[in-house]
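Here the structure is laid out as structure tokens; the discussion comes afterwards.
Nothing in this text is a laboratory measurement; each read-out follows from the coordinates by a stated rule. All of these numbers come straight from a predicted model, not from anything done at the bench. Neighbour counts run over all protein chains shown; Cβ positions are idealised from the backbone, glycine included.
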Amino acid sequence: MKAQIGTLSKRTAKAGAWTAGARLAGKAVDFVALIVLARFLGPSDFGLVAMAMTLIFIVEAIMELPLAAAMLRVPAPGPDVYSTAFTLGLLRGLIIAGFFVLCAWPLSYFYGEPRLVPLVMSLALAPAMRGCVSPMMVEYNRQMDFRRQAGLDVASKFIAITAAIVMAIVTRSYWSIAVGTVLVPLVSLVGSYVLAPMRPRLTLKEWPIFADILTWNLMSQILSALNWQVDRLVLPRFIPPAAFGRYAMANDLSALPFQVLSAPLATPLNVAFVTAHQNGGLDKTYLKACVGIFLLMAPVLCFGGIMAEPLVRTFLGAQWAEAAPVLTGLALASIGSIPALPMAPLAVSLNRSRQITLRNLIECAVRVPLTIVAVLAAGVLGAVIAKSVATLAVLVSTMMAVRSMIGISLRTQFVALAGPAAALLISGTPLAYVATLIHADGDIVMNLLRLAAAGILYVLTYVVAVYVISLRFGDVTGIGTLLNTIAARAVVRLKA
């Protein structure tokens, strides 16, 4: 049994490494593009595009179809299964495109911004194309082979961002952001059929395979979309585009670790949980995944939150300085939501998607009214406070759902996370002091050297703290054993 769990953990880690590595490479390209675009475009340009993208994000999230997750539950899917998945994806794209043709004018009137009409219609092409990729790509996922998907993701990002940067340099127009946004799914769509060819056929013959997961998913996604975007829906009504652009920039930066790791890990975790459920040891596999993800993501968010001001001034420029305190609040608040990430793949693997809906309902009941009241009372600060409170509700409701599904007590879950949280506090305290000593100026090279030195000190402190705590309170993820092995090999090489 232990051998099976160990083999599964290695396969999951390898698959996660490919997907997370590709997402990291793609986000690195995004980050470079963000720096370049921020130098040629202003906060008002980003704010305008963020206004257009907010409703698109919401509708796309609501219409998100976990077709791959449904197909993974079928041991040997036939052509009708793939054709049904394609048909559902195509219908999704057509509905989204038609919806935004109708909504472009009312949206521009609501925000008092006529430029939104053509912008919304153009940007709506992105989610419409995302749903039409080749369903046959799921066969690589079934084998935990994510190399092709990883390559496709990076290539599509690189091509799109290159076009966006060139257009920004030449035109200095917000349309450069729109061009990059639309090109990413276009390249992915074409590439998917090159890597996983299939002849699409319109049919809904195998609808029962998708019915349950899509029904609960629709309700869950409606709630999730409201939770995710309610602040961006409300804020532009009460603050100018430039201020909203800074908030949107800070929000996007704080979300980068989630985009890099959480989305790519969803499919490998789904496969891992399905296998662990069949072979036994699901509770151990879940705890290991939960703590492992926290160990990876929490220090990144902590560093970004504490070092927000020098990071913003160095990479984005002085015109974005007002986004730094917002980034601090959003990044630190997001740490509490990390343990909730593996819960969705767990629920899907157990065919308990209703648990995701229930969790999102609890978050929605807390976050939406609180955000509206807080934004009306305190603007951007209110939005940050509302997110912090909602994060706590998500954490508690997630742990209760996990207890319901696989019997892990709340105490066990909290204890498993106590060590990593303590390591984060130990390493974050000296970093907070170091942040007061760093004053970003016009010398970008010196700023980068200061940030690099602070980052190295922080990582070393964090690794040592994690290692010591793992020895004292238990090595849930095996990181203590891994560090011992690395140290032993280093000693052997030095003696040789």
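Here are a few things to note about the model shown:
- Note, ³J(HN,Hα) from phi for the stretch 415-425, Karplus 6.51, -1.76, 1.60, rounded to Hz, x at Gly and Pro: 4, 4, 8, 5, x, x, 5, 5, 4, 5, 5
- Subtracting the Cα-Cα distance of LEU471 and SER44 from 0.36 nm times their residue separation leaves 148.6 nm of extension gain.
- Each Lys and Arg contributes +1 and each Asp and Glu -1, all at the Cβ; summed about the Cα centre of the stretch 112-180, the dipole is approximately 80 debye.
- Under the Karplus curve 6.51 cos²θ - 1.76 cosθ + 1.60, θ = phi - 60°, whole-Hz ³J(HN,Hα) for the stretch 347-362, x wherever Gly or Pro sits: 4, 5, 5, 9, 6, 10, 4, 4, 5, 5, 4, 4, 4, 5, 5, 4
- Restricting the trypsin sites (Lys or Arg not before Pro) of the stretch 116-198 to loop positions (DSSP other than H, G, I, E, B) with no more than 15 neighbouring Cβ atoms within 10 Å leaves ARG172.
- Efficiency of FRET from Cβ geometry, PHE258 and LEU91, R₀ 35 Å, rounded to 0.05: 0.80
- In nm, spacing of pseudo-spin labels at LEU204 and LEU392 (7 Å Cα→C-beta vector): 4.5 nm
- Point-to-point label distance, TYR433-LEU195, nm (Cα→Cβ direction, 7 Å offset): 4.7 nm
- Modelled FRET efficiency - R0 35 Å, HIS277 with ALA365, Cβ distances, 0.05 increments: 0.70
- The calculated FRET efficiency for MET446 paired with ILE426, based on their beta-carbon distance and R0 = 22 Å, is about 0.20.
- Applied to the stretch 381-386, the Karplus parametrisation 6.51 cos²θ - 1.76 cosθ + 1.60 on θ = phi - 60° returns per-residue 3J(HN,Hα) values of 4, x, 5, 5, 5, 4 Hz, with x for Gly and Pro.
- Peptide ranges 182-189, 371-378 listed from the most packed, as the mean C-beta count within 10 angstrom indicates: 182-189, 371-378
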